[in-house]
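Take a look at the structure set out below.
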Amino acid sequence: MSALGKVVRSGVGRRRVQTLVMALTTFTAVLSSVLSLGLLTAVQAPFEHAFTTRDGAHLAVQFDGSKVTAVQTTATAHVAGVTEAAGPYPIAAALDTTVGTDCPKTDWAGHDNHPITVTTRPDLGSTSGMDQLVLTQGRWPTSPGEIALPANNYADACFGSSVVFSSLPGKPSFKVVGFADSVTNSATGFATADGFARLTTAGATTDEQMLYRFARAGTDADIATDKQAVAAAVPAGAVEDGQSYLTAEQQATGNAKAFVPFLIAFGILGLVLSVLIIAIVVSGAVASGIRRIGILKSLGFTPSQVARAYTAQAMIPATLGVVLGTVFGNLAAGPILNGASEQLGAASATIPFWVSAVVSLGTLLIVGVTASIPALRAGRMPAVQALVVSRAPKAGRGQTAQRLASRLPLPRAMSLGLAQPFARPARAVLVGAAVLLGTVSVTFAVGLGTAFSKYQATTMSSGFNVASDIVIPTADVGAPWGLYGPNDPRHAYLDATKVAAALAKVPGTKAAFGWGDSGATLVGAPIGGEPPVLYTVSGDFSWTNMQLLSGRWYSAPGEAVVGDKLASAVGIRVGDDVTVVQQNKQVSLKVVGINFDTHGSDYTAMTDAATFTAAGLTPRIDQFNVELASNANGTDWSTAATAALTPLNASVQSNSSDTNLLVIIMGTLVAMFTLMLTVVAALGVLSMVVQDTRERVHDLGIFKALGMTPRQTVAMVLTSVALTGLIAGLVGVPLGVVVEKATQAPMGHAIGRHLPPSVTHVYTAGLLLPLLAAGVVIALLGALLPAGWAARSRTATALRAE
Amino acid sequence: MTNAPMIDVREATKKYDDGPPALAGVNLSVASGDCVAILGHSGSGKSTLLNLIAGLDKPSSGSVTVDGTRVDQLGEAGSAKYRRASIGMIFQFFNLLDDLTVLDNVMVPAQLAGMGKGEAKRRAVELLGSLGIERHVKAYPQRLSGGERQRVAVARALMNKPALLLADEPTGALDSSSVEDVRRLLLDLNAEGQTIVLVTHDVQLAATTAHRTIELVDGAVARDVVNSGSGAGLAAAQARR
Ligand SMILES: Nc1ncnc2c1ncn2[C@@H]1O[C@H](COP(=O)(O)OP(=O)(O)OP(=O)(O)O)[C@@H](O)[C@H]1O
Ligand SMILES: [Mg+2]
């Protein structure tokens, strides 16, 4: 081993705690950076790549063919802001379908299938122009009886069998010859012109679709403005609806992007903490090694060798942290990507290599620069100065503080400790900064964790998911959920009126409401993603904590409340009208409110069952949720209810609330990062106090000789960081709140939701007050060990040295 | 004055990890009110012996009893309380706390022992007055001369009225006039009944201050003689025989 190597190795070996801290902090920073950047690129890149190479449309607009001429629609290509346009293409939106009975898999044959939006284009397989469609299996349709669909809109096992447009008179049927899709889900069924004509003949309402790219299309607001410009160019009411590529992007990236904002926050906190810790440790090593540096130089080490020796003391543990952080970041990404984004294939559930490379090299560079600043200073220090410079701090700065502290009505050991930071203000600032970052992390994480559990509680156990006794059709007991779709004749429903009346008579019933998927489609709902659901509801659900974000609950037939995710995706506001279609019959609903959707589907709306009855349609109710009176006995109630409901083919079950795996993964990650950052912050304090104790060994010897007990020594050392910790805590808490608020909005946006105040308002006084103590706690935890060492240190010999 | 010795060191041995023992079977008995000087070359174990008596260090074997207390058997907290109550120490390099004023330095031992601030201050001012340095109470130690600093250290050592004053080369860093100053101070204290153990290189100082001189060679007592020369305590020493 070279002489330099020996110096480095003994340096690393003598500072085990500091070495561990440096490895841990870089590990934290790299892990969260690799994960955040990796998730962002892994979920975003495939969509962005496809969107670019396939020349995806920013916006697809459906025009009501009866209100515009072909000339008018074509002319919208020249509206200001439009850079490219295609169409018009005929389109028939949201047609109910079933899997044909010719499917060999009986699990699927005859079952409800996704609603499908069919279009035709002159050249379906075109590899030029806008919105190029891509075939993933099979071939394009060549005859009127054939169709191609996206793979996730039809049962895989039935490929080659037929799809039936079940709500159209005559139920036209097509053979599925290909799986194909549009990157922005501009349509979900592709037929030949003759094939499309079969749907028109069968009575499907058809529109004209235009596809656009715009000069400005980065945000929802841009797209809304662009859509407005297009709508202004045609007669009023001609624009039926439009699909933004941002909705398709949200559908494609799923919820994985929700991880990104808080991972970025942790990445930044971790990196700042790394820089701080490395600065603390290396400059500390230089400061306490000044004599050593002098000796090294007198032995013939060059300045650059000395500088390298000190830089290497930080680089070795940092490299270890970087390597481990990168490895674990890549390992952790797999499960997160798989759990968060169903749309992504297994192939893309890995982090691109360049992310690991950029993060590791970047971190090493930052660490290297941080370490080399004090190291270069050490290298340039003249040997003589290094040998003669005294380690004792300059008296003077500490004197005023000691004088003031001695006046406080505190035990002497504590007032002595209280004044210590003032003797070395720079060191106190570093301790404070470490505690501050720790406090910010804790505050941020506690807020985030609280928001997660509130989100979990709200979405998983309120509204339709409320924990309660439920009543379902006896036929559904034990049957897999969703076995038959809402329009499947085999789907069992409850006789809502009779069940409600029977429940009302059972003693102990306080409130009950029935609900079910009406099977209606929503005109203008996003074409891709999960099929939208309109629930018909009957009865009082005010006890289920379902939350309204704006407007009011419906109060009359014809009124509806729309879920926030659907409202954001389509741009529905209170006061708008939406059209729903059931059994090929259109019903117009007035939107009177937007609710925080907890129903479990992406795009939902709800209306009173009376709306359907008034329109001559049958509301479909297949579950009642029952609230029992507080004094009711559950078993007695069940017995009585079962007796009353059995004749109605209804059964009593209990609804257990579910958990959201994604939120649990997030919570675990947050807890893990918080723990690591807090530990690193406390270890930062520890290494500063160790350094301080080492330099104060002489004073500690004097105190000991004067009769200071170990307990008093511990009290003195702990007090020396308490004030710094308290101040850092007081500053850190508001900063942590700011960081939490800053990540909440993008996280909500990433999952396409508007979060209600009941979820976002997390910092109650009961939470903030204990958090204010976090700084002191971190500081004391960090100082506890060295305080114990100081109390036990053998100081007899230290008294001789001056 | 009791018959039991104030200090009773029996077969005390101190070994560090490497090299020969710093102390090898030392026996020492010091009566209350006595002033004993310990002489010896550098490295002969003088400070080690003093530290054992102060409870700052523990013997590898043997026993150390001070004022009836087995000092070698005390725990960390116990030995701190023992030092507080029974021991005052002064050193070659004074070991004053640079951040504290003279007054605060002197008050520390009493405050650590739990004495109220007002009372501690009164006693400190009184002590500093009796040592003739009351005008420096507000000053910081670094502004004082070596002799003055050592006076402050003595005041601090006496703050809790210790049974025993241990001085490790108290004149080692002083010029000759200050040496004389400190010598007189120790003589006066002893004359008032203060038991003193004085470690020094200075044969002259030992002879003129102490009743008894012990010489350590390689960690063992080589000589133990009663001073026959001058020294205020001489008469008292002879009287006790
Ligand atoms: N902490 C220690 N670790 C190892 N050896 C020690 C330690 N303290 C003292 N020694 C050794 O014990 C021996 C006695 O030391 P001590 O300090 O008692 O000598 P001394 O007589 O006071 O010398 P001086 O006149 O130089 O102060 C010396 O050889 C010294 O090196
Ligand atoms: Mg010595």
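The table below lists the values:
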item: Three-way shape label, region A:546-692, alpha-carbon gyration tensor, a/c 1.5; result: oblate
item: Interface area, A with B, accessible, probe 1.4 Å, both sides summed, Å² nearest 100; result: 2800
item: Full-extension gain in nm, A:ILE665 to A:VAL71, via 0.36 nm per residue minus C-alpha separation; result: 208.5 nm
item: All-pairs Cα distance distribution in region A:65-237, expressed in whole percent, bin size 5 Å; result: 1, 8, 17, 19, 18, 14, 10, 7, 3, 1, 0
item: Of all DSSP beta bridges in region A:123-267, antiparallel share, percent nearest 5; result: 70
item: For residues of A:408-414, the mean tally of beta carbons on other chains within 10 Å; result: 3
item: Antiparallel content of DSSP bridges confined to region A:466-654, in %, to 5; result: 75
item: Burial ranking of peptide ranges A:221-229, B:214-222 (average Cβ count within 10 Å, highest at the top); result: B:214-222, A:221-229
item: Carbon and sulfur %, accessible surface of region A:466-654 computed with the full protein complex present, 1.4 Å; result: 52
item: Global form of chain B, assessed from the alpha-carbon gyration tensor, a/c cut-off 1.5; result: prolate
item: Sequence of A:SER651, B:SER61 from largest to smallest accessible area, 1.4 Å probe; result: B:SER61, A:SER651
item: Extended-chain gain in nm, criterion 0.36 nm per residue less alpha-carbon gap, A:ILE373 and A:ALA193; result: 57.6 nm
item: Candidates B:ALA191, B:ALA207, B:ALA77, ranked by Gaussian network fluctuation over chain B, Cα under 10 Å, top entry; result: B:ALA77
item: Unit charges at the beta carbon, dipole of region A:65-237: most positive-side option, A:VAL230, A:PHE214, A:TRP108; result: A:VAL230
item: Value of [θ]222 nm, deg cm²/dmol, for chain A, DSSP H segments ≥ 4, -39500 (n - 2.57) each, nearest 500; result: -17000 deg cm²/dmol
item: Probe 1.4 Å, all protein chains present, accessible-area order of A:TYR535, B:TYR16, A:TYR484, largest first; result: B:TYR16, A:TYR484, A:TYR535
item: Accessible surface of A:SER630 - all protein chains present, 1.4 Å probe, nearest 10 Å²; result: 120
item: Ranking by accessible area, most exposed first, for B:SER42, A:SER758 with a 1.4 Å probe; result: B:SER42, A:SER758
item: Gyration tensor verdict on chain A (Cα atoms; rounded if a/c is under 1.5, prolate if a/b is larger than b/c, oblate otherwise); result: prolate
item: Average beta-carbon neighbours from other chains, 10 Å sphere, peptide A:692-705; result: 3
item: Two-site FRET efficiency, A:THR497 against A:GLN653, from Cβ-Cβ distance with R₀ of 22 Å, rounded to 0.05; result: 0.60
item: Cα centre as origin, Lys/Arg/Asp/Glu Cβ charges: region A:149-232 dipole, Debye; result: 200
item: For residues of A:706-717, the mean tally of beta carbons on other chains within 10 Å; result: 6
item: Antiparallel bridges, percent of DSSP beta bridges restricted to chain A (to nearest 5); result: 80
item: Dipole of the protein assembly as shown, positive direction: furthest Cα of A:GLY788, A:GLN44, A:THR247, with charges on the beta-carbon; result: A:GLY788
item: Stretchable slack from A:LEU331 to A:SER304, in nm (0.36 nm times residue separation minus alpha-carbon distance); result: 5.9 nm
item: Straight-distance crosslink candidates among aspartates and glutamates, where the alpha carbon sits under 12 Å from A:LYS227 and sequence neighbours closer than 8 are dropped; result: A:GLU240, A:ASP241
item: Cα-centred dipole magnitude for region A:65-237, charges only on beta-carbon of K, R (+1) and D, E (-1), debye, nearest 20; result: 240
item: Partners for B:LYS14 among aspartates and glutamates (Cα-Cα distance below 16 Å; same-chain residues under 8 apart left out); result: B:ASP57, B:ASP72, B:ASP218
item: Cα Rg, Dmax (largest Cα-Cα span) when computed across region A:466-654, Å; result: 16.6, 48
item: The protein assembly as shown - charge dipole about Cα centre, Lys and Arg +1 at Cβ, Asp and Glu -1, debye rounded to 20; result: 5640
item: Cross-link pairs A:LYS454/A:LYS741; B:LYS46/B:LYS81; A:LYS704/B:LYS161; A:LYS105/A:LYS171; B:LYS46/B:LYS121 - those with Cα-Cα distance over 26 Å; result: B:LYS46/B:LYS121
item: Centre separation in Å (Cα based) which lies between region A:653-724 and region A:592-628; result: 52
item: Axial C-alpha extent at least 20 Å, average Kyte-Doolittle at least 1.0 - helices from chain A (DSSP); result: A:16-53, A:259-288, A:353-380, A:425-461, A:661-695, A:774-792
item: Cα-projected label distance for A:ALA504 with A:ALA157, points at 7 Å along beta-carbon direction, nm; result: 4.5
item: Among A:LEU365, A:TRP140, A:PRO746 the positive-end extreme of the charge dipole of chain A (Cβ point charges); result: A:LEU365
item: Under 17 Å from A:LYS565, Cα to Cα: lysines that are on another chain or at least 8 residues apart; result: A:LYS257
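The values are calculated or read from the model by the stated rules, or taken from the named source; none is laboratory data. Worth saying up front: this structure is predicted, and the values here are computed from it rather than measured. All Cβ positions, even for glycine, are placed from backbone atoms using ideal geometry, and neighbour counts span all protein chains on display. SASA here: full protein model, heavy atoms, side chains in, ligands and nucleic acids out. Shrake-Rupley method; radii C 1.70, N 1.55, O 1.52, S 1.80 Å.
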